Amino acid sequence: MRLVVLSERGSALALAFMVVFMAVFLAMFGFMLLNVPGGSVFILGFSAFFMATMLFGVYALLRKRREYRRAQNFAEMVSFSDSGVSFQEGREFEIGRLEMRGYWVGSGRNRSYHVERKFIPGEKGVGSSIPFPSEGFRVTVAGDGTGEVSVPAVRIRDEPYKGILLLFFTDEGAVRGSGTITLAVDEDSAQVSFRGDGKFITGSVYSELRKARGVKVTIGAEGFSHERVIGRGRSFEFRKRMLPKEKVVMVGTYGTVTPKMVLSSLGDGTVVMGHGEFIIRGILDVPLRPDVRAGETFTVELEGGKEEKEFEEEWSVF
């Protein structure tokens, strides 16, 4: 089992930069106020607005860092295993599912990252342990954080750790499906054969190319505009894991967790992983014309009957 405490990289550096920048600005403001004749009202107004904006930014960063510390402190006092989570003392919690969507708004320097979160509650309980949920997850997130996460979760309901989230990513499951994708245009053709192999989608590509530069194989999902390239060339084999190598538990707080944090904890670049239906595509790269694309679906099923049985459920539902 792997434990990950979710936090945003670079927050300490950003906070230090803002504090130094504010100090430099205050020094410049004092010099201008004392040495520039006239315009003091304008300088004071502009400076007040600027400082208010900067102070709000510093406050937001400090609040995030406080939440990161809460998550870290919680993780240090809890015992984690493949079977579940154990607390040092009884805790109030609710078991449910966290749905997140990350997207960018604006363009250029005005571009900003937004996150929509929804915790779908199920059972509420109190106790000193929670078994690892026997439920699937799904992550389809591009390298810039655009995409969606759906994962079983537990939310703590009592102080001082109210709002702490535990996200559970199981390694149980198997890839189902097989087939052949045929690509052809003019004198170029390729065949992509694929099949499920345990936790992997595997296959091979055979092509006869005249003008085309090569063939790519990607995986994606319905409604997800990005794709993960899992192989490229002329004739080659590919193999891509669709589930983690081991169970993963992520700890964070409801107000700060993002798809970008989940992405950086599960892989690099675009991550397409989990349970449900996915799309495998063959793409023929032809110069001076649109790519030739074709795809088929495969599924990752959560295998039943393999959950840990020795983990005693020491909590009551209410």
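The values are calculated or read from the model by the stated rules, or taken from the named source; none is laboratory data. What you are looking at is a predicted structure, and each value in this text was computed from that prediction instead of being measured. Please note: Cβ atoms are built from the backbone with ideal geometry, for glycine as well, and neighbour counts cover all protein chains shown. We work out accessible area using only protein heavy atoms, side chains counted, and drop any ligands, DNA or RNA first. Shrake-Rupley method; radii C 1.70, N 1.55, O 1.52, S 1.80 Å.
Residues in region 75-92: is at least one at pLDDT 85 or above, touching a Leu at 6+ places or on another chain (Cβ under 9 Å) and assigned to a helix (DSSP H, G or I)?
For region 75-92, residues at pLDDT 85 or above, touching a Leu at 6+ places or on another chain (Cβ under 9 Å) and assigned to a helix (DSSP H, G or I): present.
Does any residue in region 143-166 that is within 20 Å of residue 260 (Cβ to Cβ) come within less than 7 Å, Cβ to Cβ, of a residue that is β-branched (Val, Ile, Thr) and in a loop (DSSP other than H, G, I, E, B) six or more places away or on a different chain, and which pairs are these?
143/270; 145/258; 165/257
Quick one: in region 252-305, which of the residues that are acidic (Asp, Glu) and assigned to a strand (DSSP E or B) is nearest to residue 115 (Cα to Cα)?
Among those that are acidic (Asp, Glu) and assigned to a strand (DSSP E or B), it is 277.
Would you mind stating whether residue 239 is of a type in the set (D, E, K, R), assigned to a strand (DSSP E or B), touching a strand residue (DSSP E or B) at 6+ places or on another chain (Cβ under 9 Å) and crowded, with 16+ Cβ neighbours inside 10 Å?
no
Within region 109-144, how many residues are within 20 Å of residue 268 (Cα to Cα) and surrounded by 18 or more Cβ atoms within 10 Å (Cβ to Cβ)?
The number of residues fulfilling the criteria is 6.
Restricting attention to region 145-178, and to residues there that are at positive phi and out of contact with any Pro (no Cβ under 8 Å at 6 or more places or on another chain), which single residue is surrounded by the most Cβ atoms within 10 Å (Cβ to Cβ)?
173
Of the residues in region 277-293, how many are open to solvent by 30 Å² or more (accessible area, probe 1.4 Å) and touching a Gly at 6+ places or on another chain (Cβ under 8 Å)?
Within region 277-293, residues that are open to solvent by 30 Å² or more (accessible area, probe 1.4 Å) and touching a Gly at 6+ places or on another chain (Cβ under 8 Å) number 3.
Among the numbered criteria (1) out of contact with any helix residue (DSSP H, G or I) (no Cβ under 6 Å at 6 or more places or on another chain); (2) open to solvent by less than 10 Å² (accessible area, probe 1.4 Å); (3) modelled with pLDDT of 95 or more, which single criterion is violated by residue 251?
Of everything listed in (1) out of contact with any helix residue (DSSP H, G or I) (no Cβ under 6 Å at 6 or more places or on another chain); (2) open to solvent by less than 10 Å² (accessible area, probe 1.4 Å); (3) modelled with pLDDT of 95 or more, residue 251 misses just condition (1).
Taking the condition of being assigned to a strand (DSSP E or B) and either at pLDDT below 95 or of a type in the set (Gly, Ala, Ser) (or both), how many residues in region 115-147 meet it?
Summing the residues that are assigned to a strand (DSSP E or B) and either at pLDDT below 95 or of a type in the set (Gly, Ala, Ser) (or both) in region 115-147 gives 12.
Only residues that are in a strand (DSSP E or B) and farther than 20 Å from residue 269 by Cβ: list them for region 204-236, please.
204, 205, 206, 207, 208
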